[in-house]
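Here is the structure we will look at.
The values are calculated or read from the model by the stated rules, or taken from the named source; none is laboratory data. The shown structure was predicted, so the numbers you read here are calculated from the model rather than taken from an experiment. Ideal geometry is used to build each Cβ from the backbone, glycine not excepted, and the neighbour counts take in all protein chains shown.
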Number of protein chains: 2
Amino acid sequence: MAANTPRKTRDADATRARILAAAKKEFARSGLGGARVDEIADRAKANKRMIYHYFGNKEDLFRIILEEAYTDIRTAEQKLELEHLPAREALEKLIRFTWTYYLKNPEFITLVNSENLHKARHLKKSDKIDELFRRFVGMVGDLLERGVAEGVFRPGIDPVQLNITIAAIGYYYLTNRFTGSIVFKRDLMAPEALEERLAFNIETIMRLVCVTP
Amino acid sequence: MAANTPRKTRDADATRARILAAAKKEFARSGLGGARVDEIADRAKANKRMIYHYFGNKEDLFRIILEEAYTDIRTAEQKLELEHLPAREALEKLIRFTWTYYLKNPEFITLVNSENLHKARHLKKSDKIDELFRRFVGMVGDLLERGVAEGVFRPGIDPVQLNITIAAIGYYYLTNRFTGSIVFKRDLMAPEALEERLAFNIETIMRLVCVTP
DNA sequence: TAAAGAAGTAACTGTTTAGTGCGTTAATTG
DNA sequence: CAATTAACGCACTAAACAGTTACTTCTTTA
């Protein structure tokens, strides 16, 4: 079993990164309460002691994972550069992005769910989050204003309510995909079903925001 | 401490009921993984042994609680008698009901979240659920058809997609109220905020479904 | 190259947890 | 009212769990 990868015998950064990746998976899979530190150590191929050495304890580790998750989605959003598109196109791009992000990053949803089960007590301790979201709400607010100026959006729409709604119609569908597939007797995760839902969501938001549908 | 209530020393039904109520609270508060059987016994003022006697084990207890929760919301929905109202009024009534039910029964949301974290493995075992949801989807389907006949609704709307959307815009707001209140820097649970959200949700659905907003 | 410090490990501790064995007490019925 | 049945409770177990102690091994640098 001679490894051809020249893996270092000791590499703090790599070990930290492996622990973070493993913890994200485990927290997403089982929630904060159900996640097992031993399991994280195994997945990360690290000794459990290292987790406590680098991250203090289980709760702190969860907080760091959560901060990373929020930073990741908001960073990706910034890269959309919606300000360079006509308002309607920009809005549709945002809806598509939100949906696709949730779809490709199901851990994000589970982590947020878990944090809300715990009444956001980890997020309260975080100071990185403020700036992140100020910019995000600003972005959607600017987009709405621009749309009104272009004559394509209705005036008076609250950017926070719109944000919540765009997130909701994707997030709910995906987070409840298991019970949903049973009670509605269709595979909500089939490719055609996913396409259909995205189209429905775009229609929902466009009818809500635009002056002429 | 002479009790004036003539409480029976032995009452199987009452004990069962206390256990179910306590379990619902505990599962809602901490999820399936975080819930503690000892805690349920304490809250129910019952001996832990009774839980295993009446319900088998923790997972079976969870399944029963979940079935009860779904039965409760679907039963309440049937009582709305939407078929006796003009389509637009009926739709608005359904939106208001959904919102108010989630608001008054936050355990429902947490239980469903927990079940989805576990990939709906308890619901899969349940046979009570089928009939419950067939009637529900039928109800909304009939409502949509009637609205089209009345000339107030657009044709071709999928009742399942509409159902999901009505649920989503209320459910997401409420399940994520803790993180939401932090990142948006407003108290999402303030009475004015709740009213505002309900109004926004009604507008969202009406614009989606109606021919003339 | 020696010393210091950082990376890594195995085995352990004290506690919590779901689940039980077995006895006791109250209600029911022949 | 005796005997059976059902409700209830104490005290335990075996496993799982977060977190730690005490140690070894590798890397860096004065």
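Numbers for the structure displayed
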| item | result |
| --- | --- |
| Residue list for the stretch B:33-67, filter: within 14 Å of chain A (Cβ to nearest Cβ), within 13 Å of DNA strand D (Cβ to nearest atom) and in contact with a Ser or Thr (Cβ under 7 Å, 6 or more places away or on another chain) | B:33 |
| In the stretch A:194-213, the residues that are within 24 Å of residue B:130 (Cα to Cα) and more than 10 Å from every other protein chain (Cβ to nearest Cβ) | A:194 |
| Evaluation of residue A:139 against (1) more than 8 Å from every other protein chain (Cβ to nearest Cβ); (2) surrounded by 13 or more Cβ atoms within 10 Å (Cβ to Cβ); (3) within 27 Å of residue B:118 (Cα to Cα) (one fails), failing number | (3) |
| Meets criteria (away from DNA strand D (no atom under 16 Å from the Cβ), outside any loop (DSSP other than H, G, I, E, B) and more than 15 Å from the chain's Cα centre (by Cα)) for residue A:83 | yes |
| Leading residue by the ranking (farthest from residue A:57 (Cα to Cα)) among those in the stretch A:13-42 that are in contact (Cβ under 8 Å) with a residue 12 or more places away in the chain and basic (Lys, Arg) | A:29 |
| Selection from the stretch A:1-45 of residues that are within 8 Å of DNA strand C (Cβ to nearest atom), modelled with pLDDT of 95 or more and part of a loop (DSSP other than H, G, I, E, B) | A:45 |
| Failed item in (1) surrounded by 16 or more Cβ atoms within 10 Å (Cβ to Cβ); (2) more than 17 Å from the chain's Cα centre (by Cα); (3) not hydrophobic (A, V, I, L, M, F, W, C), with residue A:67 passing the rest | (2) |
| Subset tally (residues that are surrounded by fewer than 16 Cβ atoms within 10 Å (Cβ to Cβ), within 12 Å of chain A (Cβ to nearest Cβ) and among the small types (Gly, Ala, Ser)) for the stretch B:142-191 | 1 |
| Selection from the stretch B:175-213 of residues that are of a type in the set (Ser, Thr, Tyr) and more than 25 Å from residue B:91 (Cα to Cα) | B:179, B:181 |
| Residue A:90 more than 18 Å from residue A:201 (Cβ to Cβ) and either more than 11 Å from DNA strand D (Cβ to nearest atom) or within 22 Å of the chain's Cα centre (by Cα) (or both) | no |
| The one condition in (1) part of a helix (DSSP H, G or I); (2) under 19 Å from the mean Cα position of the chain (by Cα) that residue A:119 fails to fulfil | (1) |
